[in-house]
1. Lys/Arg Cβ at +1, Asp/Glu Cβ at -1, dipole of the chain taken about the Cα centre: which of Asn32, Leu15, Ala73 is farthest positive-ward?
2. [x] 16.2, 51; [y] 13.9, 41; [z] 15.7, 44: which one is Rg and Dmax of the Cα atoms in Å as calculated from this entry?
3. Treating only the Cβ of Lys, Arg, Asp and Glu as charged (+1, +1, -1, -1), what charge dipole size does the chain show about its Cα centre? Round to the nearest 20 debye.
4. Using Cα pairs under 8 angstrom and six or more residues apart, how large is the relative contact order of the chain, in percent?
5. Can you tell me which of 61-74, 98-111 comes out highest on packing, and rank the rest after it, using the mean Cβ neighbours within 10 Å?
6. So what is the accessible area of the range 45-102 per residue, in Å², with the probe set to 1.4 Å?
7. What order do you get for 88-94, 119-125 when each peptide is scored by the mean count of other beta carbon atoms within 10 Å, highest first?
8. Which entries in Lys78/Lys110; Lys41/Lys77; Lys56/Lys96; Lys68/Lys90; Lys68/Lys110 show an alpha-carbon gap greater than 18 Å?
Amino acid sequence: MIYTGAINPNEITRLLDVEPTYITVAGDKITNSLGRTREVKNSGWFLSSEGIVNSKDLREHIDWIVSKISPFATNLKKIQEIKDIKLTLKCVWFSKFGHSGPVLWPEQMKALSDLDLECSFDIYFV
């Protein structure tokens, strides 16, 4: 997730040369599946592995994201230096039974560190 502040998310696409899964632009109106419309508060650029990586292994999803953006690490660094831009790798995990959990191996931790990316988790117990 890249929250772009005052910058149009299409500028992130241009700088990274990576097509996002979707973007949001502050001020745009979005209607959800229930028919409720809201105004977008924060512009954002999003790249998601959902529906592309068919695995429950978090490592494979992170590897896919890293493979998409690491060739453009220099431009990513420039983006990270822009004021009011917030970047994070957000991982969502649902636990059916409350056992085990997401795992990161040193390879994923190093790849994220090399890109200077934080990794956050949204964890839900079903």
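The values are calculated or read from the model by the stated rules, or taken from the named source; none is laboratory data. A quick note: this is a predicted structure, and the numbers were derived from the prediction, not measured. Cβ: placed from backbone, ideal geometry, glycine included. Neighbour counts: every protein chain shown. Accessible surface areas use protein heavy atoms only, side chains included; no ligands, DNA or RNA. Shrake-Rupley method; radii C 1.70, N 1.55, O 1.52, S 1.80 Å.
1. Farthest towards the positive pole: Asn32.
2. [z]
3. Value, rounded to 20: 360 debye.
4. On the way: 182 pairs, mean separation 33.9, N = 126.
Value for the chain: 27 percent.
5. Top of the packing list down: 61-74, 98-111.
6. That works out to 65 Å² for each residue.
7. Working: 88-94: 14.0, 119-125: 10.7.
Ranked from most to least packed, the peptides come out as 88-94, 119-125.
8. Working: Lys78/Lys110 20 Å; Lys41/Lys77 25 Å; Lys56/Lys96 13 Å; Lys68/Lys90 16 Å; Lys68/Lys110 16 Å.
Violating the 18 Å limit, Cα to Cα: Lys78/Lys110; Lys41/Lys77.
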